[in-house]
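The structure appears below as structure tokens.
The values are calculated or read from the model by the stated rules, or taken from the named source; none is laboratory data. Source: prediction; values computed, not measured. Reconstructed Cβ throughout: ideal geometry from the backbone, glycine too, with neighbour counts over all protein chains shown.
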Amino acid sequence: MVGLGTFFAIIACLGAWADRQLLDTGNWVHTSDQLIADPAIQTALASYVSTQLISSPQTVQKIRSALPAKAGPLAGPLAGALGDVANRVTLRLLETKQFQKLWETTNRLTHQQLVKVVNGQGRFKNGAVVLDLRPFNGAVAKRLGVNANLTGSPDGRIVIVKPKQLSAVQNGVKLLRTVRWVSLALTVLLFAGAIALAEDRRRAVLSAGAGLVVAALIVLVVRRVLGHVAVHSITNDGPTKPAADSVWQIATSLLRTIAISGLILGLIAMAGAWFAGPARWAVSARRWTAPVLRDSPAIVFGAVGIVLLVLLLTGLLPTSGTAIGALAYIVVIAAGVFLLRRQIAREFPAGQ
């Protein structure tokens, strides 16, 4: 049962990350803000935007109209020469609050529409989910004095979901949500069942905690290995590798946080099981703390509650900002204190 619980804990971690990362607009916008603030991604995006600008027919036509008739053929090379200037202008534009606000608003609106579509509550124009970067191209063009109207151009539109992929995405989202909650429920039930049925419940708690630790470590290893494979396959270790690596690290940062949260919960369970064990140091520690733990429940639970509250409010515990994460910490720690007090009362009765 502990082995099965460990397996479903891995699935639950992956499901929770995918659901919260892909379908929670707040997390999506937060991630997009981190992406655009990364220097490697800024460099790659500046290159993309400047390339779209200088290759735009509107830009070339604008330059051609400003040249004498005989110099018209020079419009193309002159537009290409704008590349370095456009790149530097774009990088400076990325650092402005105006651009950051535009980027955040664009991502928020796109994601809200995406969620509606995958939930079957709306439709996208032409059936595709698109991140439109043309306003950014236009802002760079304006800074350069080109003033080209790029809103009617197809360049700068990044297709996230194609029309023919929409049905598969909707089915995948339904499966993802089912897998997330079912796997989480099975993890809890299997661990709780293993502890309830075990002859030595302390060792069962130790095993369950170890299962959580193993699950978390596997998720962290998978994240690292898949990151190397994905970045290499996409960039072939070319000039865009730093940007791709940053995208992977930021996009999967929530998965890392969830895994570390599971790791901490597992370590807490293991530490409690060891403290309740037959080791000489554990017995001595229980004897020394018995008067307080046994006779002053208000002080014990009050002190533990204050420490836990501080950790939750300061965000020092991973995923403590979510209701499920905070509840998991509260349940595990409260159950551990309750069982420990009962054991100490049995081992060291009052008056002895």
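Table: residues versus (1) closer than 30 Å to Asp38 by Cβ; (2) modelled with pLDDT under 90.
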residue: Lys241; (1), (2): yes, yes
residue: Asp245; (1), (2): yes, yes
residue: Gln249; (1), (2): yes, yes
residue: Arg256; (1), (2): yes, no
residue: Ile260; (1), (2): yes, no
residue: Leu263; (1), (2): yes, no
residue: Ala282; (1), (2): no, yes
residue: Ala285; (1), (2): no, yes
residue: Thr289; (1), (2): no, yes
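So, Ile268, is that one under 25 Å from the mean Cα position of the chain (by Cα), β-branched (Val, Ile, Thr) and modelled with pLDDT of 85 or more or not? Criteria met by Ile268. All of Val214, Val225 fail the test of being under 20 Å from the mean Cα position of the chain (by Cα), closer than 21 Å to Ile11 by Cβ and surrounded by fewer than 20 Cβ atoms within 10 Å (Cβ to Cβ), apart from Val225. Just to be sure before I move on: is Thr90 at pLDDT below 80, of a type in the set (Val, Ile, Thr) and out of contact with any Ser or Thr (no Cβ under 8 Å at 6 or more places or on another chain) in the structure I sent? The answer is no for Thr90.
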